[in-house]
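Enquirer: Could you have a look at this structure, given as structure tokens, before my questions?
No lab work stands behind these numbers, since they all come straight from the coordinates. Worth saying up front: this structure is predicted, and the values here are computed from it rather than measured. When we count neighbours, we look across all protein chains shown, and the Cβ atoms used for this are built from the backbone with ideal geometry, even at glycine.
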Amino acid sequence: MAVQQTEKVQKIDLRGRDFIEFTDYTAEEIRYLLDLAIEIKGKQKSGVPFQPLKGKTIGLIFEKSSTRTRVSFEVGMFQLGGHALFLSKNDIQLGRGETTHDTAKVLSRYLDGIMIRTFGHHNVIELAEHADVPVINGLSDAAHPCQVLADFQTVLEHKGKLEGLKMAYVGDGNNMAHSLMLGAAKMGMHVAVATPKGYEPDSAVVEQARAIAQESGSEVLVTYSAQDAVKDADIVYTDVWASMGFEEEQKIREQAFAAYQVDEELMKGAKPDYMFLHCLPAHRGEEVSAGVIDGPNSLIFDQAENRLHAQKALMAALMSE
């Protein structure tokens, strides 16, 4: 059963900040965003109006297609009283004759915030450097902090805490693995990442996560053994084997990841009350068995719903007066 927020959240001023990766925020600031997301979710479920962004606008730049990111930001901004503009790569001049610097400066004159979902992480960095309004990383090839914010909200609702829990990630050492490692270490969670050889997370990110974990009293394990990663895990997480942009490697990756499917046998090593999470879309029979993803320990749709509430908390915190 989900944990309900009962006390009013103590506000921390994050106005005007960018949200690019968890390393930019303290554990207290992240916890504030999570508590705010739970509070906003409670207001919505109770029919209590909450529109701190009335009259404000956010531009949503999409170089990668999306279901959850687009819908959660558009619906979330509407529910907060503002307006969202969907800007696909074919709708604006970014990367087609106009510099990121100029696009950032122009959009800053029109908008109160910018979200970008892109390929190269440098696109997010450069946009944030030159924009005069908050920039939110909706996803890059290096990081996916918006997803992990919703993931942590889901864990907090169902487990009542983050600190001391063990999260196991099995699969590709991609942007999800990076943000989960950095975010979990920041929040005092133990994290274990299991990948096939050749698909490890970026070594610099691993080193950064371990430095953060040392400060928070948690541990970061990177291993080739899915069994070692999942052992005594409170949360088990996976992602597709071939993320967007790597579709041509599908067959090669199917062979490389064959021993890394999250199935009922692997889950015997996790704690009996483990949570299963997946950022979606999912391929049943590949990275996860139908028995696990559709089983009683799966919270993938709570997790997907929380993209809406986490994004609302983020926009409200960064863009309110």
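Enquirer: Could you work out [θ]222 nm for the chain from helices alone, using -39500 (n - 2.57) per DSSP H run of at least four and dividing by all its residues? Round to the nearest 500 deg cm²/dmol.
Expert: -12500 deg cm²/dmol
Enquirer: OK, next. Which of the GluC sites (Glu not before Pro) across the range 98-173 are loop residues per DSSP, with 14 or fewer other Cβ within 10 Å?
Expert: 163
Enquirer: Could you tell me whether the range 190-273 comes out rounded, prolate or oblate from its Cα gyration tensor? Rule is a ≥ b ≥ c as square roots of the eigenvalues, rounded for a/c under 1.5, then prolate if a/b exceeds b/c, otherwise oblate.
Expert: It is oblate, given that a/c is not under 1.5 and a/b is not larger than b/c.
Enquirer: Could you check which residue among 300, 40, 252 shows the biggest mean-square fluctuation in a GNM of the chain with a 10 Å Cα cutoff?
Expert: For the chain, modelled as a Gaussian network with Cα springs under 10 Å, the answer is 252.
Enquirer: Considering only 214, 278, 179, whose Cα is most displaced toward the positive end of the charge dipole of the range 145-303, charges sitting on Cβ of Lys, Arg (+1) and Asp, Glu (-1)?
Expert: Checking the options against the dipole of the range 145-303, the answer is 214.
Enquirer: Now, a different point. Hey, which of these cross-link pairs are over 22 Å Cα-Cα: 8/43; 231/251; 41/159; 186/268; 161/231?
Expert: Pairs exceeding 22 Å: 231/251; 186/268.
Enquirer: In addition: May I ask for the net charge around residue 12, where only other residues with Cβ less than 12 Å from the Cβ of residue 12 are counted and Lys, Arg are +1 while Asp, Glu are -1?
Expert: Taking every other residue near residue 12 into account, the sum is 0.
Enquirer: Angle check, please: helix 27-46 long axis (alpha carbons) against the longest principal axis of the chain (alpha carbons), in degrees 0 to 90, nearest 10.
Expert: Roughly 80 degrees between the two axes.
Enquirer: May I pose another question? Taking the Cβ-Cβ separation of residue 215 and residue 280 as r and a Förster radius of 30 Å, what is the calculated FRET efficiency to the nearest 0.05?
Expert: With R0 = 30 Å, the Cβ-Cβ based efficiency is 0.40.
Enquirer: I've got another one for you. Suppose a student asked you for the relative contact order of the range 205-269, using Cα pairs under 8 Å spaced at least 6 residues apart; what percent would you report?
Expert: 31
Enquirer: If you compute semi-axes √(5λ) of the Cα gyration tensor in Å for the structure shown, which of (i) 30, 22, 21; (ii) 35, 23, 16; (iii) 31, 23, 18 do you land on?
Expert: Of the labelled values, this structure produces (iii).
Enquirer: Additional query: As an exercise, use a Förster radius of 35 Å and the Cβ-Cβ distance of residue 75 and residue 248 to find the FRET efficiency, rounded to the nearest 0.05.
Expert: 0.60
Enquirer: Rounded to the nearest 10 degrees, what's the angle between the helix 203-216 long axis and the longest principal axis of the chain, both from Cα atoms, 0 to 90?
Expert: 90
Enquirer: Sorted by average packing, counted as other Cβ atoms within 10 angstrom per residue and highest first, what order do 171-180, 130-139 take?
Expert: Those peptides, ordered most packed to least, come out 171-180, 130-139.
Enquirer: Output ³J(HN,Hα) for the range 155-165: one whole-Hz value per residue in order, computed from phi by the Karplus curve 6.51 cos²θ - 1.76 cosθ + 1.60 with θ = phi - 60°, and x for Gly and Pro.
Expert: Couplings: 4, 4, 5, 9, 9, x, 7, 10, 4, x, 6 Hz.
Enquirer: Add +1 for every Lys or Arg and -1 for every Asp or Glu among the other residues with Cβ under 12 Å from the Cβ of residue 306, and state the total.
Expert: 0
Enquirer: Check each of the chymotrypsin sites (Phe, Trp or Tyr not before Pro) in the range 208-278 and keep only those in coil by DSSP with at most 16 other C-beta atoms within 10 angstrom; list them in order.
Expert: Filter output for the range 208-278: 224, 246.
Enquirer: Quick check: pseudo-label points 7 Å beyond the Cα along Cα→Cβ at residue 88 and residue 227, how many nm apart are they?
Expert: Between residue 88 and residue 227, the label points sit 4.8 nm apart.
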